[in-house]
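Undergrad: Right, I'll just put the structure down here and ask away after.
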Amino acid sequence: MQRVGLYFGSFNPVHKGHVSLAKWVLDNTPVQQVWMVVSPQNPFKVNQTLLPNEERFNWVQMAVEQIEGIVACNAEFFLPQPSYTIDTLRSLTERFPTISFTLIMGADNVLGFSSWKNAADILQMVQVLVYPRPGIDVTEIIKKYPTMQLLQGVPLYDISSTQVRRLKEAGEQVADYLPEAVAKLYAEGATDDGTVRP
């Protein structure tokens, strides 16, 4: 079976750290393809202001279109909102029965994993690859979850979408943090209330 890593995120906006992590997983784990799953709404971030779904999806497509093995995925756009990982996994498993899915998540998500909808079922369905976050130690927590694996040797990317948005709001340049194909569009076209300037 083909092994596909599911890397969920709002990608609001997608930045170089997102893409670099996807490439690292592709190059350093048994995962044969990474799907960057653009989420319409994170149930734990209901107050987050998101740029339009299609805009974020298009930017992820642009960011990875030249990278073999990494693709943008909009599967959650067609599922009930808010998006829950277990529902997406069930949907994708039904649609792609010959694919073995692996979940890619940050260490910050591990801290609250027990509160996820049907968390135990997720662990029965898929292996979970956990990438470290600066200052977050999940070593002991992961021992409780046999199907979770903490990735070793992953470069730590000191940037987040929140930081990019804040820099933009402050009038700072953000191009260095964004894939080249996305940088100009984000800097000039998108506002943080979800609208797009003409």
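The values are calculated or read from the model by the stated rules, or taken from the named source; none is laboratory data. None of the values given here were measured: they were computed from a predicted structure. Here Cβ is always computed from backbone atoms with ideal geometry, including for glycine, and neighbour counts include all displayed protein chains. The accessibility values were calculated without ligands, DNA or RNA, using every heavy atom of the protein model including side chains. Shrake-Rupley method; radii C 1.70, N 1.55, O 1.52, S 1.80 Å.
Undergrad: Under 7 Å between Cβ atoms, which residue pairs at least 6 apart in sequence (or on different chains) link something in the stretch 88-112 that is at pLDDT 95 or above with a partner that is acidic (Asp, Glu)?
TA: Final answer for the pair search is Thr88/Glu76.
Undergrad: Look at Gln124 and say whether it is outside any helix (DSSP H, G or I) and either touching a Phe, Trp or Tyr at 6+ places or on another chain (Cβ under 9 Å) or free of Cβ contacts under 8 Å to residues at least 60 places away in the same chain (or both). I'd like the intermediate steps shown before the answer.
TA: Values: outside any helix (DSSP H, G or I): no; either touching a Phe, Trp or Tyr at 6+ places or on another chain (Cβ under 9 Å) or free of Cβ contacts under 8 Å to residues at least 60 places away in the same chain (or both): yes.
It is false that Gln124 is outside any helix (DSSP H, G or I) and either touching a Phe, Trp or Tyr at 6+ places or on another chain (Cβ under 9 Å) or free of Cβ contacts under 8 Å to residues at least 60 places away in the same chain (or both).
Undergrad: From (1) open to solvent by 30 Å² or more (accessible area, probe 1.4 Å); (2) modelled with pLDDT of 95 or more; (3) among the aliphatic types (A, V, I, L, M); (4) more than 15 Å from Val4 (Cβ to Cβ), pick out the condition that doesn't hold for Val46.
TA: (2)
Undergrad: A follow-up question, please. So Lys144 ticks every box in (1) surrounded by 17 or more Cβ atoms within 10 Å (Cβ to Cβ); (2) in a loop (DSSP other than H, G, I, E, B) but one. Which box is left unticked?
TA: Just one mismatch for Lys144, condition (1).
Residue by residue, here is whether (1) within 16 Å of Leu103 (Cβ to Cβ); (2) without any contact (Cβ under 8 Å) to a residue 60 or more places away in the chain; (3) touching a helix residue (DSSP H, G or I) at 6+ places or on another chain (Cβ under 9 Å) holds:
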{"position": "Gln2", "(1), (2), (3)": "yes, no, no"}
{"position": "Phe8", "(1), (2), (3)": "yes, no, yes"}
{"position": "Gly17", "(1), (2), (3)": "no, no, yes"}
{"position": "Leu26", "(1), (2), (3)": "yes, yes, no"}
{"position": "Val38", "(1), (2), (3)": "yes, yes, yes"}
{"position": "Leu50", "(1), (2), (3)": "no, no, yes"}
{"position": "Glu55", "(1), (2), (3)": "no, no, yes"}
{"position": "Trp59", "(1), (2), (3)": "no, no, yes"}
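Undergrad: Which strands (runs of 3 or more DSSP E) sit wholly inside the stretch 22-118 and have at least 1 residues that are farther than 23 Å from Thr147 by Cβ?
TA: On the way: elements: 33-38, 70-73, 99-106.
Passing ranges, in order: 33-38, 70-73.
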